[in-house]
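First up is the structure itself, then whatever we jot down about it.
The values are calculated or read from the model by the stated rules, or taken from the named source; none is laboratory data. Remember, it's a predicted structure, so these values are computed and weren't measured experimentally. So basically every Cβ, Gly included, is an ideal-geometry build from the backbone, and we count neighbours across all protein chains shown. Accessible surface areas use protein heavy atoms only, side chains included; no ligands, DNA or RNA. Shrake-Rupley method; radii C 1.70, N 1.55, O 1.52, S 1.80 Å.
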Amino acid sequence: TLQKMKRFRNKIYFTEIDHKLILNLRQWMTKQGNLKTTIEGNIATFKKFLNAAKKQGILLPIEIDDIKVGNTTGNRTDLKASEVNRLFEYYKSSFIAPYNQLVLGYFLFSCFTGLRVSEVMSIERTQFDEGFFEYFEMKKNRMQRRNINASTRTLLQHCENLFVEKKDPIYMNRQIKVIANTCGISKKISFHVGRHTFATNFLRAGGDVVSLQNLLGHSSIKQTMIYVHIVESEVNEKVFIIDKLFN
């Protein structure tokens, strides 16, 4: 959150923190392509910082209790492997429009790697080597290296402009909904769904939670356990299959 605030405005004086600044901050994060839940989480963190400042005797031109924080969890929509494959086949088809192929390529890359939209957009095509690629992990402010899997290689092979021509996150969020609808997927899709999709499918394929934590860059295992609970709930639902035999 601190790094994001610095990008919003390098110096913010306590005397400037009013309702207008909070509104401008929300609008700026929206333009950066942040989801509503991400924005609310950042505002919650900012609010905690202001409370700490108030306890130190710092006067603020705003009542902290007047800063309302919305839902910070949201729904963890994800795509099953069959739905990702449907999108992948559309991506490789000859009748997909170039602008849709580019957007879908970036989204599928997130589905295959779990990277955030900011991380995906930071990558240049030249950062892909024979066996790995590098990207800038925003939350930890460092360069990371990741192996290239076969699915990612296919993405690069089918679109020469992927990681050359970049797209605005807001445009991609809007267009990915159109693409999903074209492929018969009725779920509420945004770019961040790609990250959730990677996490759940990694666990469905037999991946372990500690490895997933490292791949997602979570600072706490509690964040990663959310995906474990999602997959476990799916397994628990299958107990009702036995009823088909006796009812």
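Brief remarks follow.
- Cβ pairs under 9 Å, 6+ apart, first in the range 126-144 and open to solvent by 90 Å² or more (accessible area, probe 1.4 Å), second among the hydrophobic types (A, V, I, L, M, F, W, C) and assigned to a strand (DSSP E or B): ARG142/PHE136; MET143/PHE136
- Any hit, the range 192-215, residues being closer than 30 Å to GLN32 by Cα, open to solvent by 80 Å² or more (accessible area, probe 1.4 Å) and polar (S, T, N, Q): yes
- Test: residue in the range 107-120 that is at positive phi, surrounded by 19 or more Cβ atoms within 10 Å (Cβ to Cβ) and either touching a residue at least 60 places away in the same chain (Cβ under 8 Å) or in contact with a His (Cβ under 6 Å, 6 or more places away or on another chain) (or both): yes
- The range 145-183, subset of a type in the set (Ser, Thr, Tyr) and open to solvent by 50 Å² or more (accessible area, probe 1.4 Å), residue farthest from ILE96 (Cα to Cα): TYR171
- Extreme residue, surrounded by the fewest Cβ atoms within 10 Å (Cβ to Cβ), among residues of the range 1-25 that are in contact (Cβ under 8 Å) with a residue 24 or more places away in the chain and of a type in the set (A, V, I, L, M, F, W, C): PHE14
- Residue within the range 88-95 that is over 12 Å from the mean Cα position of the chain (by Cα) and of a type in the set (A, V, I, L, M, F, W, C) present: yes
- Verdict on THR73 being open to solvent by 80 Å² or more (accessible area, probe 1.4 Å), modelled with pLDDT under 90 and part of a loop (DSSP other than H, G, I, E, B): yes
- In this entry, LEU59 passes the filter for residues that are open to solvent by 70 Å² or more (accessible area, probe 1.4 Å), among the aliphatic types (A, V, I, L, M), modelled with pLDDT of 90 or more and not in a helix (DSSP H, G or I).
- Residue match in the range 26-40 (condition: touching a residue at least 40 places away in the same chain (Cβ under 8 Å), surrounded by 20 or more Cβ atoms within 10 Å (Cβ to Cβ) and outside any helix (DSSP H, G or I)): yes
- Hits in the range 216-230 - residues which are assigned to a helix (DSSP H, G or I) and surrounded by 16 or more Cβ atoms within 10 Å (Cβ to Cβ): LEU216, THR224, TYR227, VAL228, ILE230
- Boolean, LYS187 is part of a loop (DSSP other than H, G, I, E, B), of a type outside the set (A, V, I, L, M, F, W, C) and either closer than 16 Å to LEU35 by Cβ or modelled with pLDDT of 90 or more (or both): yes
- The range 87-106 - residue that is free of Cβ contacts under 8 Å to residues at least 12 places away in the same chain and hydrophobic (A, V, I, L, M, F, W, C) and, of those, farthest from THR38 (Cα to Cα): PHE95
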